[in-house]
């Protein structure tokens with residue numbers, strides 16, 4: 001892909017990866033192979049009460065982001081932070097390309113692209 005910017009919106013079940021150019025958007029969806037369950041620790045039970053992170057899901061997202069030079073990660077909850085930890089652990093070169101992590105709820109793909117374009121424009125203007 002020849003797009004300079006990319007944005008990924010994700011939660012624990014799916015990711016929307018969009019490579020953005022001024023007049024084009026290439027979109028990919030990545031789905032987890034594990035259903036997300038809300039686990040709770042109970043007194044007297046062994047375990048952390050947390051579901052294991054789906055490493056294959058995060059590997060697929062990283063693969064979908066390849067080619068981007070600047071990446072914005074957005075999403076509603078902890079999945080975006082798990083992705084950042086995964087990138088730092090498994091692909092340090094890509095971690096240098098992540099320019100922002102933002103909390104957003106459940107927008108449409110068009111809203112995510114508009115948000116990312118505004119974000120990258122403001123970032124570029126600050127650096128100029």
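The values are calculated or read from the model by the stated rules, or taken from the named source; none is laboratory data. If you're wondering where the values come from, they're calculated on a predicted model, not measured in any experiment. All Cβ positions, even for glycine, are placed from backbone atoms using ideal geometry, and neighbour counts span all protein chains on display.
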Answer from 68, 128, 79, 15 - the residue that is surrounded by 14 or more Cβ atoms within 10 Å (Cβ to Cβ) and at pLDDT below 95: 79
Top-ranked residue in the stretch 18-38 [being part of a loop (DSSP other than H, G, I, E, B) and over 14 Å from the mean Cα position of the chain (by Cα); ranked as modelled with the lowest pLDDT]: 38
Residue that is surrounded by the fewest Cβ atoms within 10 Å (Cβ to Cβ), among those in the stretch 100-122 that are under 19 Å from residue 68 (Cα atoms) and in contact (Cβ under 8 Å) with a residue 40 or more places away in the chain: 109
Failed criterion for residue 113 (all others in (1) within 24 Å of residue 127 (Cα to Cα); (2) modelled with pLDDT under 95 hold): (2)
Any pair with Cβ under 7 angstrom, 6 or more apart, that starts in the stretch 58-77 at a residue that is touching a residue at least 40 places away in the same chain (Cβ under 8 Å) and at negative phi and ends at one that is assigned to a strand (DSSP E or B) and loosely packed, with under 14 Cβ neighbours inside 10 Å: 76/103
